[in-house]
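Notes to accompany the following structure.
Read the figures in this text as sums done on the coordinates, not as results from a lab. Predicted model, so just to flag it, every value in this text is computed and none were measured. When we count neighbours, we look across all protein chains shown, and the Cβ atoms used for this are built from the backbone with ideal geometry, even at glycine.
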Amino acid sequence: MPAKRRVTIALIAKEAGVSVPTVSKVINGRPEVASETRQRVERLLHKHGYQRRTGHGDGPVGLIDLVFAEVESPWAMELIRGAETTAREADAGVVVSVLHTHSGPGRDWIDRIAARRTDGAIIVGSHLSVRQQGQLNARAIPFVVVDPDGEPAPGMTSVGATNWHGGLAATRHLLELGHTRIGMIGGPPDMLCSRARIDGYRAGLETAGVGVDPELIRNGDFLVGSGRDQGHALLSLPDPPTAIFAGSDMQAFGVFEAARRRGLRVPEDLSVVGFDDLPLARSAWPPLTTVRQPLQEMAALAARMVLAIGRGEVPEPRRVELATDLVIRESTAAPRVR
């Protein structure tokens, strides 16, 4: 069997009909390449599985990129803290970028991190297309996705949490207290973690022999405003819930506000459970019962995996889900007899 021909910049340049320096500029994120030419070169880099070679004496540059789709909640700070812990141990720094979109990192962002020769990227809450994965791979940029929007592609390295089990644990806790009319406020319906938490809620009700009432399930955006608005909608029902499981702590704080505006007390008139266990959950009044999602540990692990991939190692397993735990505080109690 003939030896497989090594993919070189010269080979890509010849097939693309451009010069070797032009291919080099694309690989290194340089801006002075026409869009059509750049896309043609990128397609060939991905097609041939080109991997940028590191020159003699080159090593880690000491930078990890942490990329968020949005940063509108304190949970982002928990992830930053986790990534910084691992980066500090590796004598590296963390560069934070915000895309303001859930469509995944675009070419401009990939070009920017390629130009600064990052050691790797941690991408939070975004969906990466096959093309975007190819762009990262062609530039030899190790990457790990944390809490992916959708089902991770085969071979993609990802870190998440046991969202389904968290939803189940929260619902069982409320059922054990005696609640049967339990509202659920999830996140965006197209997000994998949101669907998993709602599915865990459904499973908890069904295994207890309690019917799932679609009227009690609402969706929001994991922020305070949606918790307040959807909480108000649930509490306005002719037969309102006696407990609400919110898909995030921030939503739960919004439910607190909705209850307060209606003259309801937590937990005397309404039990509330959140999800995340942010530091604010402990200092809220009443302190929030919530499902702890190990955000710092998730980001720290993702950073270790990125650095390992950069050393040529293959993380096993490629898809990791860290355990969630129910933390019982003072926002839940048995339902008041009506």
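Brief remarks on what is shown
- A cut-off of 5 Å between modelled amide H atoms, ignoring neighbours fewer than 5 places along the same chain, links LEU270 with ARG265.
- Candidates ARG181, ARG40, ARG195, ranked by Gaussian network fluctuation over the chain, Cα under 10 Å, top entry: ARG40
- Between the C-alpha center of the range 160-236 and that of the range 237-312 there is a gap of 12 Å.
- Reference-scaled alpha-carbon Rg (2.2 N^0.38 Å with N residues) for the range 9-48: 0.96
- Once the Cβ-Cβ distance of ARG260 and THR37 is raised to the sixth power relative to R0 = 56 Å, the FRET efficiency obtained is 0.40.
- The packing ranking of peptides 184-194, 112-122, highest mean first, is 184-194, 112-122, where packing means the average number of other beta carbon atoms within 10 angstrom of each residue.
- Labels on offer are (1) 7; (2) 26; (3) 13, and the one holding percent of Cα pairs over 39 Å apart computed from this structure is (2).
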